[in-house]
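Report on the structure given below.
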Amino acid sequence: MFAKISTCKCSENTALTKPGPERIQTIINSSKIYGDGLFKELEEHIESDNECSFFCHKSCVSSYTSKQHISRVLKRKGDAATCSHISPKKKRRSSMPDFDFRKHCLFCGNDCILEKDPRNPKRWRRAYLCRTVGGTDMKHEILNTCMTRGD
């Protein structure tokens, strides 16, 4: 009848109990804290039928409504929220390899192979050695080239 709260660890022989109105209200309050949507189903059924009843395992409901379990979930949600705002670790210059303009790509920093591999010429990514002539700034040269090509 209702969505499964979580994987039930009770055996099939465990007796089912019928919760009273106070217990149902506790389940609804716990569901709102968990944010799992079970409270919506329960409230709909209670509105349609005041004497709505269902059966559940006592140990499952007890662990679902347990204040310790709820505080653990809230703590995890809080940790997840704080972890998502942590910026990634920044690399120090000492841990990064030295950049050589004649060997590395200006944009990604990986090694550039300027010569075609004779065994696999189709796998070669076209690369050129950049030089500036007449003292112009490399950044402006790249930006001008990008603007002319429409990049």
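Can you tell me which condition F2 does not meet? The list is (1) of a type in the set (F, W, Y); (2) surrounded by 13 or more Cβ atoms within 10 Å (Cβ to Cβ); (3) at pLDDT below 75, and all the others hold.
Looking at each condition in turn, F2 falls short on (2).
Identify all residues within region 33-51 that are outside any helix (DSSP H, G or I) and touching a residue at least 24 places away in the same chain (Cβ under 8 Å); write none if there are none.
D36, G37
Taking region 56-98 as the region of interest, how many residues are at pLDDT 70 or above and either surrounded by 10 or more Cβ atoms within 10 Å (Cβ to Cβ) or among the aliphatic types (A, V, I, L, M) (or both)?
Total meeting the criteria: 21.
Looking only at region 55-69, count how many residues are touching a residue at least 40 places away in the same chain (Cβ under 8 Å), over 15 Å from E22 (Cβ atoms) and not in a helix (DSSP H, G or I).
Qualifying residue count, region 55-69: 1.
The values are calculated or read from the model by the stated rules, or taken from the named source; none is laboratory data. If you're wondering where the values come from, they're calculated on a predicted model, not measured in any experiment. Counting neighbours? That spans all protein chains shown, and the Cβs are built from the backbone with ideal geometry, glycine included.
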